[in-house]
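See structure below.
The values are calculated or read from the model by the stated rules, or taken from the named source; none is laboratory data. The model shown is predicted, which means the values in this text are computed figures rather than measured ones. Note that each Cβ is placed from the backbone with ideal geometry, even for glycine, and that neighbours are counted across all protein chains shown. These accessible areas exclude ligands, DNA and RNA; they are computed on the full protein's heavy atoms, side chains included. Shrake-Rupley method; radii C 1.70, N 1.55, O 1.52, S 1.80 Å.
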Amino acid sequence: MGSLESGIPPIKRERQQHSLLQRNRSRSFLFKRFSYIQWICSTCVFFFFVVLFQMFLPGLVIDKSDKPPWRSSEKELLPPDMLVFKERGVLSFGNDVRFEPTKLLMSFQRDNTQQTSSNGFDTTAQRFGFRKPKLALVFADLLADPEQLLMVTVSNALIEIGYAVEVYSLEDGPVHGIWQQMGVSVTILDSNRASSCVIDWLSYDGVIVNSLEARSMFTCFMQEPFKSIPLVWAINDETLAVRSRQYSSTGHTELLTDWKKIFSRASVVVFHNYLFPILYSEFDAGNFYVIPGSPKEAWKTKNMDFPPKDDIVISIVGSQFLYKGQWLEHALLLEALRPLFSGYSSESYKSHLKIIVLGGESASNYSVAIETISQNLTYPKDAVKHVSVAGNVDKILESSDLVIYGSFLKEQSFPESLMKAMALGKPIVAPDLLNIKEHVNDRVTGYLFPKENPKVLSQIVLEVITEGKISPLAQNIGLMGKTAVKNMIALETIEGYATLLENILKFSSEVASPKDVQTLPPKLREGWSWNLFEALMDASPNNRTARSYEFIANVEGHWNQTPGDSTKSRVVNDDSFVYEIWEGERYIQTINSKKTQDDEELKGRALQYQGTWEEVYKSAKRADRSKNDLHERDEGELERTGQPLCIYEPYFGEGTWSFLHEYPLYRGVGMSVKGRRPGMDDIDASSRLPLFNQPYYRDALGDFGAFFAISNKIDRVHRNAWIGFQSWRATARKESLSEIAENALLNAVKTRKHGDALYFWVRMDKDPRNPLQKPFWSFCDAINAGNCRFAYNETLKKMYSVKNLDSLPPMPEDGDTWSVMQSWVLPTKSFVEFVMFSRMFVDSLDAQMYEEHHRTNRCYLSLTKDKHCYSRVLELLVNVWAYHSARRIVYIDPITGLMEEQHKQMNRRGKMWVDWFGYTTLKTMDEDLAEEADSNDRRVGHWLWPWTGEVVWRGSLEKERQRKNVEKEEQKKRSKDKLDRMRRKSHRQKAIGKYIKPPPENANVTTTLLNADA
C-alpha cells in the first residue's frame, strides 16, 4: 500500500486544544455570570474529570516516555471493525492522515522519464494516431446501481477526450440499453465459460474490471499472453475485507493466497474511499490507488422522505478514523452546544432536544466518558447520548435534524458522513477544514465555523434552532446541500480516472493520444449522468452488498467442496478439466490394450523358430540402424500425411487455447514449453530450435519465430506439398478460414490453380490498426513509430553489403491489398526459400538493434519499451518477398472462399527486384554465411544467423558425407571383428558327448554317455 504520512505532530495540536478549551471555558462561565470562586471550583472539577477520563478512555494512555504521542499507541486511530488490522501491525497514523501510493507514483515518474529519454538510435520516433485508444470495461452484471452510474459518467468523459470503449458483462441488465444509447458495444459473456479466454484482450490498450463479482475473468488475465495488459480493478465495497479476517482461523489459507494472486495481477486496484486501502491491507501488493467520489449516497436517498416529528436531534459525527484527542473535540463541541439548554435543568428538562455523539467502540467505556463530560457541563440528564459507529450511522443520520462534524483531523477527501447527511437534506455545521470548504459554501449549502473558535459554533446553532425548531433558512440550506451533494466530487472522479489511464497505458505509434481532460465541456465534467438513469432508479432495488456477500459465500463454498484439495474445486466446471479426465481414461485403455497385444504376441513367439544367433544378431542391428527413421504417429499425424496442406498455428500461453483448431488440417506450434496443450501433437518450438529457450528472441520475433522452428530440418515434421500459417488472433477476430474457404483452398493447391502462389485471407486494408486504409509503407511506418522504411533500408544495406541504397523495394498503390497477421499458405519449397531470405534479413536487423534493445528494452520501432520490437516489421516481410520474387499473390475470402489475384504479374514488370530476391542470389548468400559459420575464423561477437536454422553449404555436405563414410567403415570393421571372434570361439569348443538310445528289448540298460575320444 502507499505510504501513510503524518502531518502536524499531535503534541502541538493537543496543547492548542488545551489552551482553546481553557479560553472558551472561561468565556462560557463569564457569559453565565458565575462568581470567581465558582469559576475556580468548576475548573478544578473539570480538570479532575479530564485526568480521570484520560486514564479510562480506550487507548488514551498517558505517555510518560520521550516518544512522540503519535508513536505511543496504534489502536487508538482505528474504528472498532478495524482493530484487527492494527493487531497485525499493518498501519500507523499520525495526527493528519494521508494516503500516498508511493510505489505507483514512483513507477509513473520512472516511466515518464524513460519516455522522454533518447532511444539510443539516430532516429526520431513519431506518433501517427490512425486509431483511437481502446478500453474494455468488464462488469459482473448490468443492473442499475451507483457503480454503473459512476462508470457511465466516466466513460462519457473518456469517449469525449478520444477513447473508444467496449463493454463486457457476465450477466445482462437494464443498463445494457444505456450503453447502447451511448454508442458503446455491449457483449454478454457466458458465465459458465468466464474462466476460459474467449476474447482477444490484446486488441485493447487497457481493461477496467468493476466489482469483486468479476473475479472469474482474472483466470484469463493471469495467463499468457494476456499477463502484460494494463488492468485496473475498481472495488466498491468492503465485503471481502470483512470476510477475509476469518480465513486464517478457518483454514482458508489457500483461498486467501488465491485472492492475493488476483490482487497482485491488477496493475492498479482503485478504491473510492480512503478507508478501503486499510481494510484491504491484507491483499496489498503495492498497487492500491484511491480516486475519491461516488454517487452512492445521493443514489440511496434520492426518493427518501421523512415523517414529521416533534423532537430535535443533533448528531455529532466525526472522522472515519479514531485518533488521540477526539474526546477533547467532543468536549469542546458539547461546551459550545450548552447554550441550547440554558433554560433547562435536570428536573424540568423534557426530551424534545437531544444530542447524539457518534464515535468510539460499542464495547468500550467511551459512553461513560461522554456521559461524565455532559454531567460536568451541567447538561440535563439523558440530553446527551453516545452511540457507537458500527452499523448505526445511517439510522442516526436519518433521524437527525442537524448534523455537526466534530473532527478537526485533516483528511484528503470530503468526509463520507457529511456527504450522507447532505444527501438526506440535513443542514450541516462543520469546521472550515480545507477538504470541507472546497465543497461547502458557508450559509449556502452548509455552515462553517473556524476550528480555532468554537464560540462561533454556539452562534450558528442558536441561529439554526429557534423556538425549538429548525429555522426555515436552515431547512433551505439543507435542501441546497442536498442538491449540491448530488454531483459532488464527480469532477475529481473523472479527472482521477483520466490521469490514472494516462499514466498506466502505453500506446503504440498508430494510436492517437487522448485529449486533456480539462478540454471537456462543463456538462460532462461537473456532474454524474443522472439523466440516463432517471427511469431505472425507481425500478426494483438492487442490494449490491447482499449480492457481494452471496458471491463471496459461493466462492468459499467451491473451495470447501473438496477439503484439502481446493484446486480441484476451482476447476470443477472447467471444460479443460473434463478433457484431461477423458484423455487420462483413453491413455489407460491404450496401455491395457497394448499390454494384451504384447502378451498374445509373446505366446505366439514361444512356438516360433528363432533362427541362429547370427541371424538374430543381424536382425537386431538392422532394427537399430532404422530406429532413427521410425517414430510413433498419432491419429492426427496419420490423417495429415495424405493431405496436400498443413496449416500451423503458433501460440504462446494457455490464454490462446480456445482460439486454436483441433482437426487434422491444423497443427499447433507451442512457442513455450509451459503453455503447451495437453494431449495434442503440437510442435515444441524450443525443442526444434534451441534459440527459443531464450525469452528475449521468443518475444522479439513473436509468431515469426515459428517459421524458423518448422523449417529447421523440415522433412522430420512436415511432409506435405504445401504449408500454411494462421495467427490465433485471426480466429479471435473471426477472420479465420471457414469450412467452405478451407475446401476451396485445398482444391486450389491440389490442382495448382495459381501455380507457385501465396494465398492469404487477412487483409491489410481491413486491419483495425489501419482505419484510414493507408498504403503499404505508410502503414508499416505507422505501426513502427515512423521508422519502418529506415529499418528496411538499413537492414537491406547490411544484408546485401551495399553502402548506399537510394530507394526501397517498391510496393505499389494499385488498389489491391496485402497480407497481415501471418496468415497465409505457400508451397513447401517456396516456404523454405522464404525462410532462407528471412534468416538473413532477421540477422541483419538484429545486428543493428540487439545491443541497445537487449540492454534497455527500447528500440526505434516503438515509442515505449517493447519486448516485441522486431515482430511488426517482420509481419509484413512476406509481402515484400512474394512480390519481388515474382510469386502470384491471391486473396481468398475467409467466409465464401472466393479468390482474387492481387498485384497481377503483368502489371509488375519493371518494378520487381528479381535479382535481389531471386533464388540463385539468396542461395549464394546463404552458402557464404554457412561457410563462414562452419569455419574456424567465424566472426567474433553476437551473431544470430547460425542459431536460426541449419548451417548447410557444399563443404559441409562433403564433410557430412565423409563423416558418414568413416562411421560406416568403422561399423563394418567392428562387425567383422565381432564375427571373427565368434567363429574362433566356436572352433575351440569341443563336443561334450553324444546320446545313445538303449535297445528296446533291454529295459534295464541305462543311458550311457560315451567319451568323444573313445
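When the criteria are applied in full, VAL832 meets the requirement of being open to solvent by 40 Å² or more (accessible area, probe 1.4 Å), modelled with pLDDT of 95 or more and in a helix (DSSP H, G or I). Scanning the stretch 409-440 for residues being among the aromatic types (Phe, Trp, Tyr) and in contact with a strand residue (DSSP E or B) (Cβ under 6 Å, 6 or more places away or on another chain) gives a total of 0. Checked against the criterion of being out of contact with any Phe, Trp or Tyr (no Cβ under 9 Å at 6 or more places or on another chain) and of a type outside the set (Lys, Arg), the candidates ILE428, ILE477, ILE470 yield just one match: ILE470. Looking only at residues in the stretch 916-959 that are of a type in the set (Val, Ile, Thr) and either modelled with pLDDT of 90 or more or touching a Ser or Thr at 6+ places or on another chain (Cβ under 7 Å) (or both), the one that is farthest from ARG716 (Cα to Cα) is THR921.
Put simply, of PHE263, PHE283, PHE276, PHE288 the only residue that is open to solvent by 10 Å² or more (accessible area, probe 1.4 Å) and either touching a Phe, Trp or Tyr at 6+ places or on another chain (Cβ under 8 Å) or in the same structural domain as GLU213 (by the TED database) (or both) is PHE276. Of the residues that sit in the stretch 459-477 and are touching a residue at least 60 places away in the same chain (Cβ under 8 Å) and over 54 Å from the mean Cα position of the chain (by Cα), which one is surrounded by the fewest Cβ atoms within 10 Å (Cβ to Cβ)? For the stretch 459-477, the residue satisfying everything is GLY468. TRP299 passes every criterion in (1) surrounded by fewer than 19 Cβ atoms within 10 Å (Cβ to Cβ); (2) touching a residue at least 24 places away in the same chain (Cβ under 8 Å); (3) within 29 Å of GLU495 (Cα to Cα) apart from (1).
Conditions (1) farther than 24 Å from ALA136 by Cα; (2) at pLDDT 95 or above; (3) in a loop (DSSP other than H, G, I, E, B), marked per residue:
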residue: GLU502; (1), (2), (3): no, no, no
residue: LYS506; (1), (2), (3): no, no, yes
residue: ASP538; (1), (2), (3): yes, no, yes
residue: SER548; (1), (2), (3): no, no, no
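Taken over the stretch 312-330, the criterion of being farther than 27 Å from SER471 by Cα and either free of Cβ contacts under 8 Å to residues at least 12 places away in the same chain or not in a loop (DSSP other than H, G, I, E, B) (or both) is satisfied by GLN326, TRP327, LEU328. Kindly indicate whether GLU502 is of a type in the set (Asp, Glu) and buried (at least 18 other Cβ atoms within 10 Å of the Cβ). When the stated conditions are applied, GLU502 does not pass them. The stretch 690-809 holds helices (runs of 4 or more DSSP H) entirely within its bounds, and those carrying 2 or more residues that are aliphatic (A, V, I, L, M), surrounded by fewer than 19 Cβ atoms within 10 Å (Cβ to Cβ) and touching a residue at least 40 places away in the same chain (Cβ under 8 Å) map to 739-751. Inspect all residues belonging to the stretch 132-152 and state whether any of them is in contact (Cβ under 8 Å) with a residue 12 or more places away in the chain, aliphatic (A, V, I, L, M), farther than 19 Å from TRP233 by Cα and in contact with a helix residue (DSSP H, G or I) (Cβ under 7 Å, 6 or more places away or on another chain). No, every residue in the stretch 132-152 fails to be in contact (Cβ under 8 Å) with a residue 12 or more places away in the chain, aliphatic (A, V, I, L, M), farther than 19 Å from TRP233 by Cα and in contact with a helix residue (DSSP H, G or I) (Cβ under 7 Å, 6 or more places away or on another chain). For the stretch 550-575, filtering for residues that are modelled with pLDDT under 65, open to solvent by 40 Å² or more (accessible area, probe 1.4 Å) and assigned to a helix (DSSP H, G or I) leaves 4. From the residues in the stretch 900-920 that are open to solvent by less than 50 Å² (accessible area, probe 1.4 Å) and not in a loop (DSSP other than H, G, I, E, B), which one is farthest from TYR883 (Cα to Cα)? For the stretch 900-920, the residue satisfying everything is GLU901.
Checking each residue in the stretch 478-523 for being in contact (Cβ under 8 Å) with a residue 40 or more places away in the chain, over 27 Å from the mean Cα position of the chain (by Cα) and farther than 22 Å from GLN148 by Cα picks out GLY478, LEU479, GLY481, THR519.
Yes or no: the stretch 415-429 includes at least one residue that is modelled with pLDDT of 90 or more, assigned to a strand (DSSP E or B) and either touching a Leu at 6+ places or on another chain (Cβ under 6 Å) or not acidic (Asp, Glu) (or both). Yes, the conditions are met somewhere in the stretch 415-429. A count restricted to the stretch 183-224 and to residues that are among the acidic types (Asp, Glu) and open to solvent by 50 Å² or more (accessible area, probe 1.4 Å) stands at 2. Restricting the stretch 636-676 to residues that are assigned to a loop (DSSP other than H, G, I, E, B) and among the aliphatic types (A, V, I, L, M), which is surrounded by the fewest Cβ atoms within 10 Å (Cβ to Cβ)? This residue is VAL673.
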